[in-house]
Amino acid sequence: MTAETSKDPPARLMDLSVNPIKALSAQEAKGVVADIKDWGKAQPAIAGLVGSDSPARDFIIAALTLSPFLRDLARISPVLLAEALEGELRTILRETIDSARNSWTAATETELMALLRRAKRRAAFSIALGDLSGLFDGAEATGWLTALAEACIAAAIDYLLLAAHGSGKLTLKDESRPSERSGLIVLGMGKLGGRELNFSSDIDLIFAYTENGETDGRVPQSNSEYFARLAQDTGRLLSTRTEHGFVFRVDTLLRPFGSVGAPAASVGAMEQYYQEHGREWERYAMIKARPVAGDLEAGRQLLELLQPFVYRRYLDFGALGALRDLKGLIDQEANKRGAEDNLKLGPGGIRELEFIVQLFQLSRGGQDARLRDQRLRPVLRYLGECGLLPPATAEALDQAYVFLRRAENAIQFHADEQTHRLPQAPEARAALCAALGLGGWDELLLRLDTVRERVRAEVERIFVHPGIKKKLCDTWKGDISLLSKVRPMYGHHYHFHIRIKCPPGSDGCTPQVAPPTDSGCGKELTLWFDRLKPKPVPKYAELPKRKPTKPVKPAYLTMNSLPKACTMVLNDKSVTSMAAAEYHGPLGVDYAESDVPATTTETAYAAPTEVATTVAFRSVEDFSGLVPELDKVPVPADRPLQ
């Protein structure tokens, strides 16, 4: 896989008609010119650059002043610059990735590691030049980096499988294609799975194997032991820093049970884990899962097996609360570190934009296959096309994403550092502005503020919009809390459980507006309980003296005993609930009819401080327009989601 498409024009630096970036300073440019003259002694293509007066010359000088990383690569291997000047960048990258993929035939581990690191160096140099020059679009650089990572992972695994075959630990089905039908599954997660790798990204991997038992070689070994060792060796081959650097840092902590889990698990164990222990954040992570190496067909079958865990068959509005909780944890951790200058974790940053897209994927992906795509931009584009987001909003978010990722890449290839923060050093700031074609730091901050405010506004609209809460609170003069999510019940009804808490000193939960009529209500939401009239609050002495001997069950009144308990007006149509109310008495004591003497029941329930109701809808259409709004009501700490 490459990032190239048939529609892309040739990416040749010598064909540049204008230099899109400026040198960091005249002094830095003078130093680069001196280096170019020195490198040109052995490379004619570079020597020809010295005396020319062309946009390509100006671009190369500017690029090497903006990135010490690129300048160091050219100094270590001037041939990288020479071939970038003579050749076509996409052709160079295609050849480099093919070379990396075929390096599994290396005679020794040391040779393999050197080949992979040289390929990474060559590809990174060409990708950076293509990105800085504008010859690549906003997404192409990340696509090439992802393709390179996949090739390097596959080469390392094929080398290890072939070595195991030679030592008698297993028998390959085809020595010329070691991974084919090997039973090994490698899932790419995160940015790797989404084909969105940055210059300094880790690669997140999950290793699995098709079945338990033993390997089928002359010297058999348990599959659990063998594949665990293979997973560890893959990470070592790619992550170890040598005199040639490293390829990619490998992270396997997204596997079942994280750091305490086995490095590789069987398909059966994976299925059992996600069924019994899978958490909401793991659903979020598995959206990006994609087979990247090993037995690709077995990997696709594993993801099909896990699809019901990730994507629910019905509209999953509980995903909003789960993502909100996860976002809260991330925000809390980011705030500890100071996230205002963090393009990834800060307000309006890349992570928040991802949350917007993945909310729709989690809630609706079970019903719409086009949402089950690991790539963010195609899904975002589809959200605009199908009307789940206004087209203008989808387009604005896409532009914001491209800008944020370009800025993130420019920060990282400046000095090959894994960071998402805006630089503090004046030279690094100037280099970032120049790489993005902006006039200065103030202009960059203005652009960033505009982009992040647009993302943040959409996040707040979806996740924390207060409109419905305010509407309900104004109606009830109290605090509205969410008790549980919508879920299918009795086959075709959908329930939403809310709590209404009356303010201190009030006369109880008394409706402050008249019950709605069938006309004139519009889309306003009104809840009322016409049986709950204010009565004197009993004194403590009038309440039952004994303590319950078992947990108190709340009293539920049916439609028969509490007529018109709750009516919901939605889109000019009234929907009456099946279930009615749960009462919480004055003093914070819960009462059920069996726990309260008949003579005091009326008194005990006279002025409840809290009322909870379960609203039932007859169809998905009845609640789909309302639930996303109600779901934004915050969950009280003492009443966790059920």
Bins of 5 Å from zero: percent of alpha-carbon pairs in the stretch 201-302: 2, 11, 19, 25, 20, 12, 7, 3, 1, 0
Restricting to Cα pairs under 8 Å and 6 or more apart, the percent relative contact order of the stretch 36-103 works out to 28
For the stretch 218-284, which trypsin sites (Lys or Arg not before Pro) are in a loop by DSSP, counting at most 16 other Cβ atoms within 10 Å? ARG218, ARG241, ARG249, ARG279
Please work out how much length the chain gains when fully extended from GLU453 to THR108, using 0.36 nm per residue of separation minus the C-alpha to C-alpha distance, in nm with one decimal. 118.9 nm
Once both labels are modelled 7 Å past Cα along the beta-carbon direction, what's the SER222-ARG372 spacing in nm? 3.4
Normalised contact order of the stretch 399-442, rounded percent, pairs of Cα under 8 Å and 6 or more residues apart: 30
Point-to-point label distance, SER239-LYS41, nm (Cα→Cβ direction, 7 Å offset): 4.2
For the residue pair ALA392 and SER17, what label-to-label distance in nm results when each label sits 7 Å from Cα along the Cα-to-beta-carbon direction? 3.2
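What share of Cα pairs, in percent, lie more than 27 angstrom apart in the stretch 69-209?
I get 26 percent for the Cα pairs in the stretch 69-209 exceeding 27 Å.
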Nearest-0.05 FRET efficiency for ASP174 and THR419 at R0 = 51 Å, using Cβ-Cβ distance, is 0.75
Show log10 I(q)/I(0) for the stretch 15-111 at q = 0.16, 0.19, 0.23 Å⁻¹, two decimals, from a solvent-free Debye sum over equal Cα scatterers. -0.73, -0.94, -1.24
How long is the gain from VAL402 to GLU95 if the chain were fully straight, where each residue apart is worth 0.36 nm and the alpha carbon distance is subtracted? 107.8 nm
Average accessible surface area per residue within the stretch 335-399, 1.4 Å rolling probe, Å²: 41
The answer for the stretch 122-281, accessible area per residue at 1.4 Å probe in Å², is 37
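The values are calculated or read from the model by the stated rules, or taken from the named source; none is laboratory data. Predicted model, so just to flag it, every value in this text is computed and none were measured. FYI the Cβ positions are ideal-geometry reconstructions off the backbone, even for glycines, and counts take in every protein chain you see. Accessible surface areas use protein heavy atoms only, side chains included; no ligands, DNA or RNA. Shrake-Rupley method; radii C 1.70, N 1.55, O 1.52, S 1.80 Å.
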